[in-house]
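Below is one structure, written out as structure tokens; comments come after it.
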Amino acid sequence: MSVVEDRVLTQDVFEDLARHAIRAEEALRLEFVNGKLGVKAVPDGDHGRIIAWLTQICMQSDPSRWLFGEQGLRIESYRRGNARPDACLAPIDAFVGQSEWANPDDVLMVVEVTSYDEDTDRRDRVEKPRAYAETGIPVYLLIDRDTCEVKVHSQPDGVRYEQVVTVPYGKTVTLPDPVGIELDTEPLKNWVR
């Protein structure tokens with residue numbers, strides 16, 4: 001019987017693995033959050049429509065910013081990690097010259113839209129808010145299709161978001177500065193199962 005050493009997955013090894021995985025299977029998206037390798041579900045049509053809706057709102061608010069879909073980010077200050085949020089709002093040139101896993105310093109907001117998979121609770125409601133807060137991203141917007149709620153996380157303190165505002169679909173919610181958008185969530189009712 002051979003003894004197998006416990007090995008820690010490094011960020012470099014993860015990035016190489018993620019590059020190979022996406023080439024082998026275009027539907028496969030890997031993340032490395034909280035020291036754990038994770039697989040992200042492929043978005044469905046309603047998921048894509050939600051991102052398109054939010055992109056239009058962000059562009060109308062400030063055309064010098066863009067809502068980038070699926071941009072890989074290096075996250076977490078304590079543990080090095082990599083996340084691929086559904087979208088992130090940043091100045092239009094924020095990622096120019098950067099690699100697949102970009103520096104998040106210019107990111108104003110990250111967006112996750114829940115998927116109908118078994119990892120959504122752990123990934124989108126627990127691990128990612130903590131990782132994004134540790135990274136110092138000012139706003140985390142969670143569009144939760146399971147609960148039909150929008151959660152706006154803000155005021156990161158380096159460990160967690162100090163403020164979380166939850167509203168049901170149909171209400172208006174403020175995306176605080178530096179985003180500064182009033183978001184009418186009524187249309188989200190059209191894109192849930």
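Return yes or no: is residue 166 open to solvent by 30 Å² or more (accessible area, probe 1.4 Å), without any contact (Cβ under 8 Å) to a residue 24 or more places away in the chain, under 19 Å from residue 65 (Cβ atoms) and not in a loop (DSSP other than H, G, I, E, B)? Lay out the reasoning, then the answer.
Numbers: open to solvent by 30 Å² or more (accessible area, probe 1.4 Å): yes; without any contact (Cβ under 8 Å) to a residue 24 or more places away in the chain: yes; under 19 Å from residue 65 (Cβ atoms): no; not in a loop (DSSP other than H, G, I, E, B): yes.
It is false that residue 166 is open to solvent by 30 Å² or more (accessible area, probe 1.4 Å), without any contact (Cβ under 8 Å) to a residue 24 or more places away in the chain, under 19 Å from residue 65 (Cβ atoms) and not in a loop (DSSP other than H, G, I, E, B).
When you scan the range 71-81, do you find a residue that is open to solvent by 50 Å² or more (accessible area, probe 1.4 Å), closer than 16 Å to residue 134 by Cα, of a type in the set (Ser, Thr, Tyr) and assigned to a loop (DSSP other than H, G, I, E, B), even just one? Full working, then the answer.
Looking only at the range 71-81, we keep the residues that are open to solvent by 50 Å² or more (accessible area, probe 1.4 Å), and these are 74, 77-80.
Those still in the list that are closer than 16 Å to residue 134 by Cα too: 74, 77-80.
Among the residues that remain, those that are also of a type in the set (Ser, Thr, Tyr) are: 77-78.
Then drop every residue that is not assigned to a loop (DSSP other than H, G, I, E, B), which leaves 77-78.
There is at least one residue in the range 71-81 that is open to solvent by 50 Å² or more (accessible area, probe 1.4 Å), closer than 16 Å to residue 134 by Cα, of a type in the set (Ser, Thr, Tyr) and assigned to a loop (DSSP other than H, G, I, E, B).
From the list 110, 173, which residue is farther than 23 Å from residue 74 by Cβ, of a type in the set (Val, Ile, Thr) and at pLDDT 95 or above? Spell out how you get there, then give the answer.
Values: 110 fails: farther than 23 Å from residue 74 by Cβ.
Exactly one residue qualifies, and that residue is 173.
Given (1) over 30 Å from residue 101 (Cβ atoms); (2) crowded, with 19+ Cβ neighbours inside 10 Å, where does residue 188 come up short, assuming only one miss?
Failed condition: (1).
Please enumerate the residues belonging to the range 166-193 that are touching a Pro at 6+ places or on another chain (Cβ under 6 Å) and either aromatic (Phe, Trp, Tyr) or on the phi > 0 side of the Ramachandran plot (or both). Let's see the steps before the verdict.
The initial filter retains those residues of the range 166-193 that are touching a Pro at 6+ places or on another chain (Cβ under 6 Å), namely 178.
If the condition is that a residue be touching a Pro at 6+ places or on another chain (Cβ under 6 Å) and either aromatic (Phe, Trp, Tyr) or on the phi > 0 side of the Ramachandran plot (or both), then no residue fits.
Just one of the numbered conditions (1) part of a helix (DSSP H, G or I); (2) modelled with pLDDT of 90 or more is not true of residue 85; which one?
Unmet for residue 85, out of (1) part of a helix (DSSP H, G or I); (2) modelled with pLDDT of 90 or more: (1).
When the residues of the range 42-70 are filtered to those that are modelled with pLDDT under 65 and in contact with a strand residue (DSSP E or B) (Cβ under 8 Å, 6 or more places away or on another chain), which remaining residue is least open to solvent (accessible area, probe 1.4 Å)? Talk me through it step by step, then tell me what you get.
Taking the range 42-70 as the starting set, the residues that turn out to be modelled with pLDDT under 65 are 42-44.
Those left that are additionally in contact with a strand residue (DSSP E or B) (Cβ under 8 Å, 6 or more places away or on another chain): 42-43.
Details: 42: 82, 43: 61 Å².
It comes out as 43.
The values are calculated or read from the model by the stated rules, or taken from the named source; none is laboratory data. Keep in mind it's a predicted model, so treat the numbers as computed, not measured. All Cβ positions, even for glycine, are placed from backbone atoms using ideal geometry, and neighbour counts span all protein chains on display. In case anyone asks, the SASA skips ligands and DNA or RNA and just uses the protein heavy atoms, side chains included. Shrake-Rupley method; radii C 1.70, N 1.55, O 1.52, S 1.80 Å.
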